[in-house]
1. Quick one: accessible surface of residue 65, probe radius 1.4 Å, all protein chains present, in square angstrom to the nearest 10.
2. Report, by chain and number, residues whose modeled amide H sits under 5 Å from the one on residue 141, excluding near sequence neighbours (fewer than 5 apart, same chain).
3. Using the Karplus curve 6.51 cos²θ - 1.76 cosθ + 1.60 with θ = phi - 60°, what ³J(HN,Hα) values do you get for each residue of the range 125-141, in whole Hz, with x for Gly and Pro?
4. Can you compute 3J(HN,Hα) from phi for each residue in the range 153-169, using the Karplus curve 6.51 cos²θ - 1.76 cosθ + 1.60 with θ = phi - 60°, rounded to whole Hz and x for Gly and Pro?
5. Let me check something: with ligands and nucleic acids excluded, how do 245, 310 order by accessible area (1.4 Å probe), largest to smallest?
6. What is the Cα centroid distance between the range 362-378 and the range 104-163, reported in whole angstrom?
7. If you rank 92, 64, 144 by how much accessible surface each has, with a 1.4 Å probe, what is the order from largest down?
8. Amide H to amide H, which residues 5 or more places from residue 90 or on other chains are under 5 Å from it, using H placed in the peptide plane?
Amino acid sequence: MPELLTERTVLTTFAALAVLGMFVMLCRARRVSTSVEDATLKALHRVTNAAPYLRQGLTQESADKAAPHLRELLACVAVGVVDAEATLLSWDGEANQHYEHLRPQIENALRTGKREYLDHGELTCDQRPCAMRHAVVVPLEVEDEIRGALVIIAGGDRKRLLRAAAELAHHVSTQLELSELQESKEKLAQAEVRALRAQISPHLIYNALNTVSHLIRTDPDHARDLLQEFADFTRYSFRTSGMYTTLADEIRNIDRYLTIERARFGPDRLKVQLKIAPEVLPVVVPFLALQPLVENAVRHGLANKPGGGTVSVTAEDNGAEALISVDDDGVGMDPERLDAELSDSHFTGAHVGLGNINSRMRATFGHDYGLVVETEEGAGMKVIMRVPKFAQGVRPVPPQAIEEPDVGLAAGPQPSR
């Protein structure tokens with residue numbers, strides 16, 4: 001019996017020691033794992049902090065804000081940022097007395113597009129001790145063009161410095177490329193809005209003023225109201241700031257446009273139906289996304305139909321999206337002909353509004369958000385637009401940014417409503 005107890009005691013002791021050993025190993029592994037995870041998270045945090053500034057382009061302001069994050073990411077002595085003309089934009093860290101010594105390497109890197117290296121032993125340095133042991137200059141290349149360079153000063157391992165510098169330069173170059181891509185995207189969007197404004201200018205202005213001139217003698221109050229609507233319409237349509245607006249503002253501008261056109265055609269020839277759900281009014285849409293669709297319905301759908309017809313604008317809640325449609329019971333057209341005209345609209349000018357808005361919707365919200373057009377000869381046309389209620393980076397212009405001083409008629413007494 002005592003022998004049995006002794007065996008059990010020994011086995012229990014070994015089991016306890018084994019469990020204790022496993023626990024210690026797990027704790028050690030966990031500490032190592034936690035350390036790696038913490039380092040990874042810190043690196044990601046620093047990369048994330050630097051990215052927004054780099055996507056602003058290579059300027060002194062963006063370089064000043066990004067350089068500290070880049071230096072922390074590499075845990076190096078210093079990081080310098082220079083532009084394509086070898087002008088120092090920012091320097092964060094120590095050893096800045098060696099910047100002048102690095103000028104030949106910077107100029108070579110910008111000229112050849114190749115990395116340049118300099119060892120502290122090759123320099124005459126009076127500072128003891130000096131934080132610098134190695135320096136590397138890495139060019140920043142975007143679309144086969146050198147946009148600038150990074151100057152990295154390190155006090156540690158040379159091989160690690162070269163590897164890290166190459167990776168960091170690749171990351172910075174990618175952010176600069178995104179910056180240029182965003183800039184070109186915004187320029188394209190602005191050009192497309194200008195194209196829509198150019199389309200509005202010639203015919204609508206002439207028709208509106210011609211209608212007002214006929215009303216001045218017969219119904220001066222109506223003429224004055226109509227001229228005020230036209231002033232508000234043009235102020236909104238030709239504003240110079242903002243690529244996005246709210247659905248409420250677009251609907252308000254559509255109402256102005258239809259008021260002008262009804263005065264021109266007559267209320268019997270142009271009937272209007274607006275059915276707008278209040279909950280979708282704050283949804284953000286590209287600026288001038290709806291008015292050209294309504295104008296297309298009036299000009300191409302109803303103007304050529306004997307007796308005129310009805311244009312309907314509907315906006316309803318559809319879960320995470322707003323579902324908007326512009327519908328007319330006009331002459332319609334052959335779908336194949338419409339497809340052909342839309343594919344060449346930027347060259348021929350036919351239905352430029354439809355083609356323009358289709359490309360802007362896809363560029364803003366993604367390829368799944370292009371226009372859907374339903375039409376047939378003699379059966380009118382319906383244009384359907386889906387708009388997400390939230391899209392990153394899509395924000396309307398604050399009202400104060402689009403207000404302009406009233407001039408001329410708008411400065412006088414306001415007509416009663």
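1. For residue 65, the solvent-accessible surface is approximately 80 Å².
2. Amide H to amide H, under 5 Å and 5 or more residues apart or across chains, residue 141 pairs with 147.
3. Taking θ as phi minus 60°, the curve returns 10, 8, 7, 10, x, 9, 5, 7, 10, 9, 9, 9, 10, 10, x, 9, 10 Hz for the range 125-141.
4. Ordered by residue, 3J(HN,Hα) equals 9, 10, x, x, 5, 5, 5, 4, 4, 5, 5, 5, 4, 5, 5, 5, 4 Hz.
5. Details: 245 0, 310 30 Å².
Largest accessible area first, the residues go 310, 245.
6. First find each Cα centre; the distance between them is then 52 Å.
7. Numbers: 92 35, 64 75, 144 135 Å².
Largest to smallest exposure gives the sequence 144, 64, 92.
8. The answer is 81.
The values are calculated or read from the model by the stated rules, or taken from the named source; none is laboratory data. Predicted model, so just to flag it, every value in this text is computed and none were measured. Every residue, glycine as well, gets a Cβ built from its backbone with ideal geometry; the counts of neighbours run over all protein chains shown. Accessible surface is based on the protein model in full, side chains and every heavy atom, while ligands, DNA and RNA are left aside. Shrake-Rupley method; radii C 1.70, N 1.55, O 1.52, S 1.80 Å.
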